[in-house]
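The values are calculated or read from the model by the stated rules, or taken from the named source; none is laboratory data. If you're wondering where the values come from, they're calculated on a predicted model, not measured in any experiment. Counting neighbours? That spans all protein chains shown, and the Cβs are built from the backbone with ideal geometry, glycine included. Protein only, heavy atoms only, side chains kept; ligands, DNA and RNA dropped before computing areas. Shrake-Rupley method; radii C 1.70, N 1.55, O 1.52, S 1.80 Å.
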Amino acid sequence: HRKALGEQILAFATFRRKFPNSFLYLHSEPSRSYGGFDIPTILKAVGLDESCVRIADRDRLRIGYSQKELAALYSASDVLLNATYGEGFGVPTVEAQACGTRVITSSWTASADLGGPDSWLVDGQPWWDDPQAAFFQVPLIPSIVAALEQAHEAPRGVSEASVEFAKGFDFEAIWQTKWLPYFRERFGS
């Protein structure tokens, strides 16, 4: 449930009623095989015809997509929708921006810090996760729909602001500006 597939798919279905030429790509296992959701059942429940949705190839998901293939997927997208219940470090959010793709993400946990200057943050409401003894947040569907509408109105093509923002997460940049000073302070030069 943490990835909020149901909420995000419902929000897309709501958005698509206003913008019927929109398509959704899901980089996810479509079945319950690994404890997830049955995506075709969700699509049917929200009234989305499978012709407007593309789901990642199951075998490729297991093997793994190359960096070049992932970059092509990000670059072909107008926006990455990644409004989840909570993330540690949302690698896809930074990867998409490195490819110049704007993102819609959650306004809590690390996600709030990973959205660049031309991204959209989605509001949520608290949801208690008993096994972790902590609160997640459930993304609010109207907030996701509003972000999708804003993304639809945004300029198409590569977002240089996203690319520049993502450069701040480059390994060398982080090593030089964060880790090296930390190690020097903690353990001496």
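Values for this structure:
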item: Length gained when the stretch R60-V46 is fully extended (0.36 nm per residue, less Cα-Cα span); result: 2.4 nm
item: From phi via Karplus (6.51, -1.76, 1.60), per-residue ³J(HN,Hα) for segment 22-34 in Hz, x at Gly/Pro; result: 7, 10, 10, 10, 10, 8, 8, 5, x, 10, 7, 3, 10
item: Debye-sum result for segment 44-167 in log10 I(q)/I(0), which assumes one identical scatterer on each alpha carbon, at q = 0.16, 0.17, 0.20 Å⁻¹; result: -0.88, -0.98, -1.22
item: With every protein chain in place, the chain: carbon and sulfur % of accessible area (1.4 Å); result: 56
item: Solution diffusion estimate, µm²/s, Stokes-Einstein, segment 110-189, Kirkwood Rh from C-alpha pairs, 4 °C, viscosity 1.567 mPa s; result: 81
item: For segment 1-155: relative contact order, % (alpha-carbon pairs under 8 angstrom, 6 or more apart); result: 22
item: Sum of -39500 (n - 2.57) over DSSP H runs of 4+, divided by residues of the chain (222 nm, nearest 500); result: -12000 deg cm²/dmol
item: Rg/Rh for segment 33-106, where both radii come from Cα atoms and Rh is the Kirkwood radius; result: 0.97
item: Counting DSSP beta bridges with both ends in the chain, the antiparallel % (nearest 5); result: 40
item: Candidates A83, A154, A173, ranked by Gaussian network fluctuation over the chain, Cα under 10 Å, top entry; result: A173
item: Of T84, T105, T41, the one that fluctuates the most in a GNM where the chain has Cα springs shorter than 10 Å; result: T41
item: Residues of the chain: accessible area per residue with a 1.4 Å probe, Å²; result: 59
item: Under-5 Å amide H pairs with L26, H placed in peptide plane, nonlocal only; result: R54, I55, A56
item: In segment 91-179, trypsin sites (Lys or Arg not before Pro) in a DSSP loop with at most 16 other beta-carbon atoms within 10 Å; result: R156
item: Separation of alpha-carbon centers, segment 1-38 and segment 55-115, rounded to whole Å; result: 14
item: Options P20, L81, G35, ranked by Cα towards positive dipole end of the chain, top entry (Cβ charges); result: G35
item: In segment 5-48, the chymotrypsin sites (Phe, Trp or Tyr not before Pro) that fall in loop regions by DSSP, at most 12 other Cβ within 10 Å; result: F23, Y34
item: 5 angstrom amide H check on I104, placed H, neighbours 5+ away; result: L80, L81, N82, W120
item: Cβ-placed point charges (K, R +1; D, E -1), dipole of the chain about Cα centre in debye, nearest 20; result: 260
